[in-house]
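What follows is one structure encoded as structure tokens, with my remarks underneath.
The values are calculated or read from the model by the stated rules, or taken from the named source; none is laboratory data. Quantities reported herein were computed from a predicted structural model and do not represent experimental measurements. Ideal geometry is used to build each Cβ from the backbone, glycine not excepted, and the neighbour counts take in all protein chains shown. With ligands, DNA and RNA removed, areas are computed over all heavy atoms of the protein, side chains included. Shrake-Rupley method; radii C 1.70, N 1.55, O 1.52, S 1.80 Å.
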Amino acid sequence: MSVLACPLPFTADEFIVLGHGSGGRLSARLMEDVFLPAFRNPALERGDDQGVFDAPAGRMAMSTDSYVVKPLFFPGGNIGELAVYGTVNDLAVGGATSKYLSVGFILEEGLPLDLLRRIVDSMSNAAQRCGVEIITGDTKVVEKSSGDQVFINTAGVGFIPNGVDYSAAHVRPGDKIVLSGSLGEHGITILTQREGLELGGELRSDAAPLHELCAAVSSAAPGLHAMRDLTRGGLSSALNEIAQRSQTGIVIDERAIPVREDVRGACELFGLDPLYVANEGKMIAFVPEAEAETAVAAMRANEYGAQARIIGQVTAKHPKMVTMRTLLGTERIVDMLAQDQLPRIC
Amino acid sequence: MEVCGGQTHTLVRYGIDGLLPAGMEMIHGPGCPVCVTPLETIDKAIALAETKGVILASYGDMLRVPGSVTDLLHVKAKGGDVRMVYSPLDALKLAKENPAREVVFFGIGFETTAPPNAAAVWQAARQGINNFSLLASHVLVPPALRALLSDPGNRVQGLIAPGHVCSIVGLDEYHKIAREFHLPIVVGGFEPVDLLEAIAMLADQLEEGRAEVENQYSRSVRMDGNPLAQLMLADVLEVCDRKWRGLGEIPLSGLKVRAKYAAWDAEAKFGLVENSVEEPKECISALILQGRKKPPECSAFGVRCTPDRPLGAPMVSSEGACAAYYQYRRYEAGRELAGGVR
């Protein structure tokens, strides 16, 4: 049976369609209905092709990152929060105070508009928490199956206070390495979500803004040499990068590195090493020995550094190599991974 | 000798071999499933991955092992449809979702991975999923052990049996081996304390002149193994002669798909032919897999052979002995290595 009726134009109220990325009326409506209400600020409201802001004298820092996490929402966070925190954290570990972000969305045709709203709202909350404004952006829509729901890119600009200059190149033998907390929670949360594994329900991503934690270490340890947030590749990749850039060696102590029992269990199950598993709310600081305890105390006073501790030091021996004293008291290399960590076969 | 590559990694990673008293040496066995898969079989998988309409699925490790010319990851980069999966049942799901394509699961490994691969074939047959097939290159531990232990140059005086393999097949065969070769055997786990305990148990047996099978890994291994897995295995797979990389052809040392499941056997389905190929000359993986040499004794180790540019499978696989030494202890080779790290 068919009903004769005048075909109504599809109003695209519920799903993203290709037209939302066309630059035409649907794009404008997406801006008016979704992005502007969430991100509202003077620079964005000017409606120009660029966000304009005043810059103080001195040095600025810039960073960018793209986010392709699946599932989009997971215990402890979502792709929108990650996209804000990730870029803010990258600036924060350089000693920069983040001020402005850009955001680029690549949306897959058919994405529920409601899902996009939830992501955008949580970006807005995350931005407020970090004291940053999203002052420019872009949206493209790709055909069904050409993407995976939502990809987000953010870039950020931050201002660096006078006299602050943190870099891997400044790391020196004798520096102590301070880690802000336990490893692997983000990576294992995502993996267990993907594999449909239940680990008791308490495991959450550690996704968190680290700007206050970094600022606390900065003011507590004026001799601070470098900081790094631990993301893809985990602690091991961050340490190896620093060892390479600074031409120093690094020694860490396995017993000093906190890993939650459930994360350790999941790692044993999948055949993964927590040193290589991704984090989204942890950082390390390289501090002269004399200031190390002060830095630990400053971190512990922050909610994201409550488990902070010294995990190792920089040495002139074996430049460019990271080693670890194992639980058994032996020493081994902590290597950069050749590729992704793979689950064992048997 | 520890049999399993996972045990080798724990030993090297925690430096347990270095803690042992003088006169006690660990020899690394042939138990890396990726490493013993012959080049010819990898070439077959590569040929399938390059075939139009085929989706080739396998474990991540397998994708990086070089065949005679290329590896599966490069085939994938050039447009071959190669998928990394965690389980053969994921490959079966792929077949259901892609009815117009042929999905081949490249299934390798010891008695541990054979039952799930058998289960995938069994399920495919039961559910009538006819676009799924298994390229099976399974190997059995006991025949390889017998070959190694019978060699005139054998130095093995005690054996840490592979815990996960025994959790499937049980301990029967190992009792026979202990008697045949008057060899102390301890079934061991994979954590550092497991291996320390297993080594201590072996030392006790040697000192007391016993040659028995003891079970250190009792939290996973039962005397009779896993009967359900054994039934599944026996229904779908049968024992055959098999070539091992590094060890050569060993009679009755492999598993292949039974004729009644030929419709799900990739070898039969695609009429694959085996081309004999040469191993890279400088690679001593044969000696490594037989426990005759340690990785740092290889002239290519860390110089012309690294995980980024491997000459042989033991440098690629996460269970390979060369990869273990490179990853955790390469400074012990005492030479200038690729990348400038001594």
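Using only alpha-carbon positions in segment A:39-97, the gyration tensor eigenvalues give semi-axes of 26, 18, 9 Å once each is multiplied by 5 and square-rooted (largest first). The Rg/Rh ratio of segment B:149-228, with Rg taken over Cα atoms and Rh as the Kirkwood radius over Cα pairs, comes to 0.97.
Which of rounded, prolate or oblate describes chain B when judged by the alpha-carbon gyration tensor and an a/c cut-off of 1.5? Oblate, since a/c reaches 1.5 and b/c is not below a/b.
Nearest 500 deg cm²/dmol is fine: what mean residue ellipticity at 222 nm does chain A get from its DSSP H runs of n ≥ 4 alone, each adding -39,500 (n - 2.57), divided by its residue count?
-8500 deg cm²/dmol
In this entry, chain A is assigned a mean projected area of 22.1 nm², taken as a quarter of its C-alpha convex hull surface. When Rg and Dmax are taken over the Cα atoms of segment A:74-137, they come to 12.4, 41 Å. Give the angle, between 0 and 90 degrees and rounded to the nearest 10, that separates the Cα long axis of helix A:289-300 from the longest principal axis of the Cα atoms of chain A. Tilt relative to chain A: about 40 degrees.
Counting only the Cα atoms, segment B:75-136 fills a convex hull of 80 Å³ per residue. Counting DSSP beta bridges with both partners in the protein assembly as shown, what percentage is antiparallel, nearest 5? Restricted to the protein assembly as shown, the bridges split so that about 55 percent are antiparallel.
Note: relative contact order over chain B, using C-alpha pairs below 8 Å and six or more positions apart, is 22 percent.
For a 27 Å ceiling on Cα separation, which of these pairs sit above it: B:176/B:269; B:176/B:256; B:176/B:243; B:256/B:281? Beyond 27 Å between Cα atoms: B:176/B:269; B:256/B:281. For segment A:59-98, the relative contact order is 46 percent, taking Cα pairs closer than 8 Å that sit 6 or more residues apart in sequence and dividing their mean separation by the residue count. Given a 1.4 Å probe and the protein chains as shown, residue A:320 ends up with an accessible area of around 50 Å². Using only alpha-carbon positions in segment B:257-342, the gyration tensor eigenvalues give semi-axes of 35, 13, 12 Å once each is multiplied by 5 and square-rooted (largest first).
As a ratio to 2.2 N^0.38 Å, the alpha-carbon radius of gyration computed for segment A:207-346 takes the value 1.05.
Taken over segment A:202-246, the percentage of Cα pairs per 10 Å bin, counting from 0 up to the bin with the maximum distance, is 21, 42, 33, 4. Using only alpha carbons, the protein assembly as shown has a radius of gyration to Kirkwood radius ratio (Rg to Rh) of 1.01. Sites listed here are trypsin sites (Lys or Arg not before Pro) in segment B:176-271 whose DSSP assignment is loop and whose Cβ has at most 14 other Cβ atoms within 10 Å: B:210, B:219, B:222. Rolling a 1.4 Å probe over the heavy atoms of the protein chains gives chain A an accessible area of 46 Å² per residue. With the convex hull constructed from alpha-carbon coordinates only, segment A:81-221 shows a mean projected area of 11.4 nm² over all directions.
Projecting the Cα atoms of A:324, A:141, A:305 onto the dipole axis of chain A, where Lys and Arg carry +1 and Asp and Glu carry -1 at the beta carbon, places A:324 farthest toward the positive end.
For Cα pairs less than 8 Å apart in space and 6+ apart in sequence, what is the mean separation divided by the residue count of segment A:90-150, i.e. the relative contact order in percent? Don't jump to the answer; show the numbers that get you there.
Numbers: 69 pairs, mean separation 33.3, N = 61.
Averaging sequence separation for qualifying contacts and normalising by length gives 55 percent for segment A:90-150.
For chain B, taking a cut-off of 4.7 Å between Cβ atoms, the unpaired cysteines are B:4, B:166, B:240, B:283, B:298, B:305, B:322. The GluC sites (Glu not before Pro) found in segment A:7-77 that occupy coil by DSSP, while having at most 13 further C-beta atoms within 10 Å, are A:14. Starting from one equal scatterer on each C-alpha and no solvent at all, send me the Debye-based log10 I(q)/I(0) for segment A:23-167 at q = 0.16 Å⁻¹, two decimals. So the normalised log intensities are -0.85.
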